[in-house]
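Report on the following structure.
The values are calculated or read from the model by the stated rules, or taken from the named source; none is laboratory data. Just so it is clear, the model here is predicted, and its values are computed rather than measured. Because the Cβ atoms are built from the backbone with ideal geometry, glycine has one as well, and the counts that use them run over all protein chains shown.
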């Protein structure tokens, strides 16, 4: 995630733009980056002060992907450090804070409305943490800082071996499972390069309000049937085998999650089933406000994901690793 943001910022090549990469492991930064690095952990309060010296805009791309009930871990590793970072950013007079969130913070029917209020779900603590951060930013009084909340779609493409797609590709080839058809049977795939564009435009674009929330997805939202057909053409198999309406598919997926496992974890969790329910998502508001215009088609992006599938080990953990922050 952070690597794509760095690449997009590097391309600007403006003399007044000074990039600072804040991360735990500098060796994992892309080779093209030669700027300042501030190494540390967001859970270290002393580091928060050191990392914010001289910073004007924060691109907060740290996070944790989890599809299981891991409330304590999510809160300790993501929610609490993020709230601390927001508070310290305001103390240090940072002018803009760009927050990585998820389209799935909203309920299924409201996912195309970036202004909708997120609804917590008992079975998905990680999305509840995203919702809590959104609420904190939305309700902050007189912050002296602009907050931009980016609700991202499903990660896809190079160096994004995380999220639902790698999980489906790596865990489901031996089980006949349904995909969803109809209005709720879409997947808002989003390439890493378009994520980089969105963060860059959010960092530099004009905003009038203290709080802004935008949906960020690819050029179109393909149906699950289209995605499964494309995957079958490319790798002669598809993770989800046949289409059913959500009212039938959801309980069947739930039953499969109760009766089948992968590496001692449920084949499906309620959070994964929730992510399969999505209408088409558009980027109209993001285009109007910051000129965001996604360039990478979902097929081209999935081809990069499949390169990982063919040549490396896909991430099949239902609780996945954290990502770095860039300033």
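Name the residue that is surrounded by the fewest Cβ atoms within 10 Å (Cβ to Cβ), counting only residues in segment 12-39 that are touching a strand residue (DSSP E or B) at 6+ places or on another chain (Cβ under 6 Å) and closer than 17 Å to residue 98 by Cα.
Among those that are touching a strand residue (DSSP E or B) at 6+ places or on another chain (Cβ under 6 Å) and closer than 17 Å to residue 98 by Cα, it is 20.
Which numbered condition in (1) touching a helix residue (DSSP H, G or I) at 6+ places or on another chain (Cβ under 6 Å); (2) more than 25 Å from residue 209 (Cα to Cα); (3) surrounded by fewer than 19 Cβ atoms within 10 Å (Cβ to Cβ) is the only one that residue 42 fails?
That leaves (3) as the condition not met.
Please tell me if residue 8 is part of a helix (DSSP H, G or I), in contact with a helix residue (DSSP H, G or I) (Cβ under 8 Å, 6 or more places away or on another chain) and under 20 Å from residue 206 (Cα atoms).
Here the answer is yes, as residue 8 does meet what is asked.
Name the residue that is modelled with the highest pLDDT, counting only residues in segment 156-176 that are surrounded by fewer than 24 Cβ atoms within 10 Å (Cβ to Cβ) and over 24 Å from residue 255 (Cα atoms).
158
Please work out if residue 274 is in contact (Cβ under 8 Å) with a residue 24 or more places away in the chain, surrounded by fewer than 19 Cβ atoms within 10 Å (Cβ to Cβ), touching a helix residue (DSSP H, G or I) at 6+ places or on another chain (Cβ under 9 Å) and not in a loop (DSSP other than H, G, I, E, B).
Yes; evaluated as a whole, the condition is true for this residue.
Pick from 9, 48: which is surrounded by 12 or more Cβ atoms within 10 Å (Cβ to Cβ), modelled with pLDDT of 90 or more and within 17 Å of residue 77 (Cβ to Cβ)?
48 is the lone residue from the list that is surrounded by 12 or more Cβ atoms within 10 Å (Cβ to Cβ), modelled with pLDDT of 90 or more and within 17 Å of residue 77 (Cβ to Cβ).
What are the residue pairs meeting all of these: first residue in segment 158-177, first residue on the phi > 0 side of the Ramachandran plot, second residue modelled with pLDDT under 85 and surrounded by fewer than 16 Cβ atoms within 10 Å (Cβ to Cβ), Cβ atoms under 8 Å, and 6 or more apart or on different chains?
Hits for this filter: zero, empty list.
Give just the number: which of (1) in a helix (DSSP H, G or I); (2) out of contact with any strand residue (DSSP E or B) (no Cβ under 9 Å at 6 or more places or on another chain); (3) farther than 30 Å from residue 96 by Cβ does residue 237 not satisfy?
Of (1) in a helix (DSSP H, G or I); (2) out of contact with any strand residue (DSSP E or B) (no Cβ under 9 Å at 6 or more places or on another chain); (3) farther than 30 Å from residue 96 by Cβ, only one is false for residue 237: (1).
Mind checking which residues of segment 251-269 are assigned to a helix (DSSP H, G or I) and touching a strand residue (DSSP E or B) at 6+ places or on another chain (Cβ under 8 Å)?
252, 253, 257, 258
Check segment 212-225 and report whether any residue there is within 22 Å of the chain's Cα centre (by Cα), within 28 Å of residue 115 (Cα to Cα) and part of a helix (DSSP H, G or I).
yes
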